[in-house]
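Notes to accompany the following structure.
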Amino acid sequence: MPDKIFDFISCVVTAMSEVSLYSKDHPAIAEISEKAANIIDGLFVEDSFNITLLGKNFMINDTPVIEKGMHIETFRKKLKAKGIEKVIIKKGVLAEEIQRFIYEIALKNMTPSSSEHILVGTVQVRFKSPEADTLAIMSENISLVRNAYDGISRFKKLDIFGLEDAVMGFVSALKSEANVLHVISPVKSYSEYTYVHAANVSTLTIFQAESLSLKGEDLYEAGLAGLLHDIGKLFVSKEVLEKEKGLDGSEWTEMKKHPIHGALYLSTLEEVPKLAVIAAFEHHMKFDGTGYPDTKRRGRKQHLISQLVAISDVFDAMRTERPYQKARELPVIVAVFKEMAGKDFNPVLVDNFLNALKKVGCF
């Protein structure tokens, strides 16, 4: 990668870190933005400078970026968290436009918008049909989840970048197909349940989060929390996980430790958002506090994201055929959720979820 491109990305990332310390119009931010504008002036190809994210591929002016580095990965992660797949910077861009772009990318509650010389958006990938589009996206990203989960241990770090790509893939799938039941994948064999269930819970959590108007980085973190909620089960013995009959007392005690295992493991990974750690710990605690783990803290309430993940987790589990449980039909699942509202689940979120399903034609 040419030095000037690296210098431009370094300027942008440095300015992003400064935004957390200063206001948008602070002289320090303005100075770095001016420097970035001067650097990019020599990088235009046919009057534009293009940045593209396609899965794991990060391209500048349609050339893959092979080099790795803290600034490159930070920039890539920020764009991905905002749901941005394409940035086109046109000749004539002003330092003020770059400064606004940096500010909107850096702050969690901001949604980046296009300006006269900076266009932000998504890459339109066309398949033969919408159904083929969704199936291809989900299949590809479930493979990313499988690859990330394979061989994980207390001593092997999770491939968080692969999982980040998967989450953005699930967001894309829901853009292609509004009916979430056409997006989430069936479990074809028990051996694949762990990662297919994780992908489905992530997708269902994104679906709920979008219905609550979460966007950008908040939406991405909700999806990642759903994807990682059961990561602690990878530290539960295979005999207990794959037992086809009900668990005995000691086995159930071991199984109930998976939220603790998951939260402890995720807390060691710097790249994992805190919300994912919280959801891994809390997703079985229940709305009325009768679940597990028992924190000995009376009145503790699940975080909103943990509540969304809990709904997604149980919904997908009930609709999945397993050795000890037949899949339930949607009307039965809806009735169960209505009955558990206020006990296992936040009744407001249950109503929102069921209304959102109805709105997109699930029933």
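Summary table
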{"quantity": "Choice from L247, L43, L227 showing the highest fluctuation, given a GNM over the chain with Cα pairs closer than 10 Å", "calculated": "L247"}
{"quantity": "Computed accessible area, F235, all protein chains, 1.4 angstrom probe, square angstrom", "calculated": "40"}
{"quantity": "Over the chain: helical MRE at 222 nm, DSSP H runs n ≥ 4 each giving -39500 (n - 2.57), nearest 500", "calculated": "-16500 deg cm²/dmol"}
{"quantity": "The stretch 265-363 shape via C-alpha gyration tensor axes, a/c threshold 1.5", "calculated": "prolate"}
{"quantity": "Helix 70-81 vs. the chain, principal-axis angle (Cα, 0 to 90°, nearest 10)", "calculated": "60"}
{"quantity": "For R146, solvent-accessible area (1.4 Å; no DNA, RNA or ligand), Å²", "calculated": "80"}
{"quantity": "GNM result for the chain, Cα springs below 10 Å: residue of D218, D25, D165 fluctuating most strongly", "calculated": "D25"}
{"quantity": "Check: the chain dipole with +1 on Lys, Arg Cβ and -1 on Asp, Glu Cβ, in debye", "calculated": "1080"}
{"quantity": "Residue among M255, M70, M285 with the largest mean-square fluctuation in a Gaussian network model of the chain, springs linking Cα atoms under 10 Å", "calculated": "M70"}
{"quantity": "Under 10 Å, Cβ to Cβ, from K343 - net charge with Lys/Arg +1 and Asp/Glu -1", "calculated": "-2"}
{"quantity": "Value of relative contact order over the chain, rounded to a whole percent, pairs C-alpha under 8 Å and six or more apart", "calculated": "12"}
{"quantity": "Straight-distance crosslink candidates among aspartates and glutamates, where the alpha carbon sits under 14 Å from K175 and sequence neighbours closer than 8 are dropped", "calculated": "E85, E131, D133, E210"}
{"quantity": "Counted charge near C11, where neighbours are those whose Cβ lies closer than 13 Å (Asp, Glu -1; Lys, Arg +1)", "calculated": "-4"}
{"quantity": "Lysines with Cα under 25 Å of K245, excluding same-chain neighbours fewer than 8 positions away", "calculated": "K188, K233, K256, K257, K286, K326"}
{"quantity": "The stretch 203-308: relative contact order as a whole-number percent, Cα under 8 Å and 6+ apart", "calculated": "27"}
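The values are calculated or read from the model by the stated rules, or taken from the named source; none is laboratory data. Note that the structure is predicted; figures quoted are calculated from it, not measured. Note that each Cβ is placed from the backbone with ideal geometry, even for glycine, and that neighbours are counted across all protein chains shown. To get the accessible areas, we keep the full protein, side chains included, count just its heavy atoms, and leave off ligands, DNA and RNA. Shrake-Rupley method; radii C 1.70, N 1.55, O 1.52, S 1.80 Å.
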